[in-house]
Every structure is written in structure tokens, then in C-alpha cells.
Amino acid sequence: MPRADVVVVGAGIAGVMTALELARRGQRVELIDRWEPGHPRASSTDYNRIIRAISGRDEFYTRWAMESRLRWMEMQAEVGQKLYYECGTLILATEGHCTWEDATAETFDKVGVPYHKFSKADVAARFPQFDASSIGYALFEPQSGMVMAHRAVLAGVELFKRSAGTVRRGRVTTDADERLHLDGKPLEADLIVVATGPWMADMYPRTVKPISQIVGINVLYTSTPDGSTAFDHDHMPCWIDHGEGSFGLPSVEGFGVKAAVVIPDKIDLDNDERFARRETVVRTRRYIKKRLPGLVGEKVVDSKFNQIILTPDTHFIVDWHPKHDNVLLAGGCSGHLFKHGPVFGDFVAGVGVKDYGTADRFTIAGRRKLSPKESPSGR
């Protein structure tokens with residue numbers, strides 16, 4: 001087999017979309033992962049993920065999300081599979097703590113994102129699934145919804161193969177000089193893109209680990225009530241409940257209602273089991289009682305343990321390794337990368353083939369924690 005021009009390490013959404021875009025640019029691309037694409041350890045392979053434009057006052061990610069929505073729909077048509085459900089997203093703004101939501105409304109006005117501002121009474125009338133008594137107001141973004149994450153990763157791999165890309169199983173590690181090796185032998189290519197998500201921190205202890213934090217997030221799926229369609233995606237939106245540290249998605253394709261109370265948890269990526277913690281079940285049920293009273297008493301039917309890598313400013317990383325000039329690092333803040341997948345992959349591919357340089361926000365140097373108003377994630 002001829003030597004690949006480009007090797008992409010990591011077959012999550014960042015790696016798959018980057019490999020696909022590089023192949024479409026005429027590069028001979030090999031995509032490498034330790035496991036089969038779509039494997040359950042990956043950050044990208046929960047059943048579904050929210051796509052929404054809300055990013056505080058950050059216009060960059062707002063525009064990327066709008067463009068990604070269109071590209072997800074194009075990809076859906078191309079593969080002939082259901083990848084995107086446009087059920088809208090409801091952003092609940094907690095009374096007295098609405099800085100991020102206030103900034104988002106201003107950005108939506110400036111950029112041109114369609115939205116509605118709802119009062120408590122509006123939410124109660126339009127979306128009675130939610131107890132909105134503790135909110136100040138809500139923003140509803142109709143041109144948003146959910147991407148079927150696991151299916152989307154596999155669809156991306158299929159399109160990559162159609163573009164003459166090759167997929168290989170193997171373990172890529174680094175030595176003391178952060179030089180890449182595949183199964184113990186030096187990994188060589190004109191361009192190597194490393195998109196290994198949370199594993200990138202341990203692979204690059206000097207370059208990436210100092211600007212990253214690895215956390216585990218449990219999400220639970222709760223059964224819908226007998227005989228009721230109220231919590232299905234065609235009657236209920238996705239939601240962001242920033243003041244409660246929570247988010248969720250309505251039931252789709254029979255998976256149940258996804259609700260997450262974000263309790264950052266430590267994880268050993270290679271050795272820990274992916275089980276839901278008891279504390280998560282207790283906290284999620286407490287949250288459901290407060291916000292989704294119609295689900296009280298319903299049973300947890302599934303769970304996922306998602307590990308994510310966070311940067312101090314919650315911006316992505318798209319930058320060249322400081323010592324190995326053919327190695328491009330791509331990822332960071334995987335808590336909000338998935339929805340941007342098609343645009344992110346296209347951007348990384350362009351940086352990789354030197355069509356343009358990276359954005360200042362994506363460089364490794366100069367990272368700092370942002371205020372909630374500045375941060376695209378509100379964290």
C-alpha cells in the first residue's frame with residue numbers, strides 16, 4: 001500500500017471530519033484508531049448531541065454552529081440516513097443569573113439567529129413539560145436540535161471511505177520527546193493530525209496537558225410515561241438549564257429522555273469502567289423533580305459516561321506542535337465540539353494543507369480562564 005500523505009489519529013468526530021475533508025482535497029489519508037470507529041469509550045459516540053448556536057457574546061462559534069447545521073443536513077442527504085432532528089432548543093435563564101443568556105440574545109440579534117424570548121407563562125403554555133417557576137425568562141432557538149452522534153460518526157467514516165480514505169486499527173503513542181509512534185514504530189507522514197480527544201493530554205504531557213482538564217460526565221436516559229408522547233422530540237425541545245448546571249434532550253427513536261446534571265468526575269481513561277455513579281442518579285432525579293415533574297417515578301433505562309477535555313477558555317485547539325512541524329493538534333473542549341464537527345473538520349483540513357493559518361483563539365499559547373460573559377460555554 002502506498003505511503004499516506006496524511007495520517008489522522010483518532011476516529012471521533014474531530015478526526016473523522018478532518019480526514020474526510022482532507023480526502024476531499026485530494027490527499028491520500030489514513031485514519032487510525034485504537035478501536036473500531038464508534039466504539040463506546042469515545043467521547044463522540046453517545047446516541048445524540050445538541051446542536052445550537054447559543055454561545056454568549058461569542059459570534060465566532062455562533063456563526064460556526066449556524067453553518068454546521070446546514071452541513072449536517074447536507075451530510076444527511078448525502079448518506080441517506082437520519083442524522084439531524086430539528087426540534088429546537090430552549091435555553092432557561094435562571095432568575096438573577098442571566099449574564100450568559102442576556103449576552104446570547106444580543107449576539108443573536110447581531111448575527112441574525114432566529115429566536116423567541118419567552119416569559120415563564122409562555123414556557124408553561126408552550127412547553128408544559130417544564131416547571132419554569134424559577135426562571136427569569138427563556139430563549140427558544142427553533143433552528144436547532146440534535147445530531148444522532150454515533151450514527152453521524154459512522155456516516156462520516158463511510159463518506160471518508162467513499163473518498164478513497166483508508167481506516168486502520170492501531171495504537172499511537174508518544175515518546176519522551178512527544179514524537180509519535182504507531183505500535184512501537186515511528187509514525188511518518190507529510191502531515192499528521194492528532195485528534196484523540198481527552199487522550200491528547202496524556203500523549204502530550206508538556207504541550208497539551210498544562211492547558212487541559214479531563215473530566216467525566218454521566219448522562220442518564222429516563223423512560224417516557226406510559227402512553228404519552230409529551231416528552232418525544234416532536235413535542236418537546238432540547239434544553240439548556242445553565243443555572244442548574246444541566247442540559248437534556250427529548251426522547252428520540254425510543255432512547256428515552258436524556259438529562260445530565262454536570263458533576264465533573266475524575267476518570268482514568270484506560271482503566272476506569274464506564275458506569276453511572278450513584279451520586280449522578282440521585283442528583284439527576286432531584287433535578288427531574290424540580291424541572292420535569294411529569295417524569296417523576298419513571299425509570300432510568302440507559303446511561304452513558306462521556307469523558308471530555310476542557311481548556312481554560314473553552315476554546316478548541318488547532319495548532320502545530322512546537323517541536324514537530326508536521327504534527328497538527330486538533331481538539332480541545334470536546335464538551336461543545338461535536339455540533340461544530342463538519343465546520344471544525346473543514347477548518348483543520350485547511351490549516352493542515354496550509355491554505356491558511358489557524359485562528360488566534362485556537363493556538364496553544366496564551367490560554368486563560370474567561371469570565372462567564374466572555375466564555376462561549378458560559379463556564
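The values are calculated or read from the model by the stated rules, or taken from the named source; none is laboratory data. Treat the numbers as computed from the prediction; the structure is a model and nothing was measured. Virtual Cβ from ideal backbone geometry, glycine too; neighbours counted across all protein chains shown.
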*Right, H181: touching a Ser or Thr at 6+ places or on another chain (Cβ under 8 Å), of a type outside the set (D, E) and free of Cβ contacts under 8 Å to residues at least 40 places away in the same chain or not?*
yes
*Would you say N271 is out of contact with any helix residue (DSSP H, G or I) (no Cβ under 8 Å at 6 or more places or on another chain) and in the same structural domain as L22 (by TED's automatic domain parsing)?*
no
*Considering every residue within segment 224-247, establish whether at least one is farther than 28 Å from Q143 by Cβ and under 16 Å from the mean Cα position of the chain (by Cα).*
no
*Among (1) assigned to a helix (DSSP H, G or I); (2) closer than 30 Å to R291 by Cα; (3) free of Cβ contacts under 8 Å to residues at least 60 places away in the same chain, where does R151 come up short?*
(3)
*Mind listing whichever residues of segment 26-85 are more than 24 Å from G216 (Cβ to Cβ) and basic (K, R)?*
R28, R57, R63, R69, R71, K82
*Where residues in segment 258-267 are surrounded by 14 or more Cβ atoms within 10 Å (Cβ to Cβ) and of a type outside the set (V, I, T), which of them is farthest from S133 (Cα to Cα)?*
D265
*Does segment 3-19 include one or more residues that are surrounded by fewer than 24 Cβ atoms within 10 Å (Cβ to Cβ) and without any contact (Cβ under 8 Å) to a residue 60 or more places away in the chain?*
no
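Restricting attention to segment 248-257, which residues are among the hydrophobic types (A, V, I, L, M, F, W, C) and either loosely packed, with under 15 Cβ neighbours inside 10 Å or within 17 Å of the chain's Cα centre (by Cα) (or both)?
Pass one, segment 248-257, residues among the hydrophobic types (A, V, I, L, M, F, W, C): 249, 252, 255, 257.
Within segment 248-257, L249 is the sole residue that qualifies.
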*Find the residue count for segment 330-358, including only residues that are assigned to a helix (DSSP H, G or I), of a type outside the set (G, A, S) and touching a helix residue (DSSP H, G or I) at 6+ places or on another chain (Cβ under 8 Å).*
8
*Could you please find all residues in segment 205-243 being assigned to a strand (DSSP E or B) and free of Cβ contacts under 8 Å to residues at least 60 places away in the same chain?*
D232
*Residues in segment 268-313 that are within 22 Å of the chain's Cα centre (by Cα), part of a loop (DSSP other than H, G, I, E, B) and surrounded by 19 or more Cβ atoms within 10 Å (Cβ to Cβ): how many?*
2
*Taking segment 294-315 as the region of interest, how many residues are under 15 Å from V282 (Cα atoms) and among the β-branched types (V, I, T)?*
3
*Name, by its number, the condition in (1) at pLDDT below 95; (2) more than 22 Å from G357 (Cα to Cα) that does not hold for D313.*
(2)
*If you scan segment 6-38, which residues turn out to be farther than 19 Å from D183 by Cα and part of a loop (DSSP other than H, G, I, E, B)?*
G12, R25, G26, Q27, R28, G38
_Let me confirm something: among D360, D319, D355, D325, which residue is in contact with a Ser or Thr (Cβ under 7 Å, 6 or more places away or on another chain), modelled with pLDDT of 95 or more and either assigned by TED's automatic domain parsing to the domain that holds G15 or not aromatic (F, W, Y) (or both)?_
D319
*Residue within segment 111-123 that is among the aliphatic types (A, V, I, L, M) and over 24 Å from the mean Cα position of the chain (by Cα) present*: yes
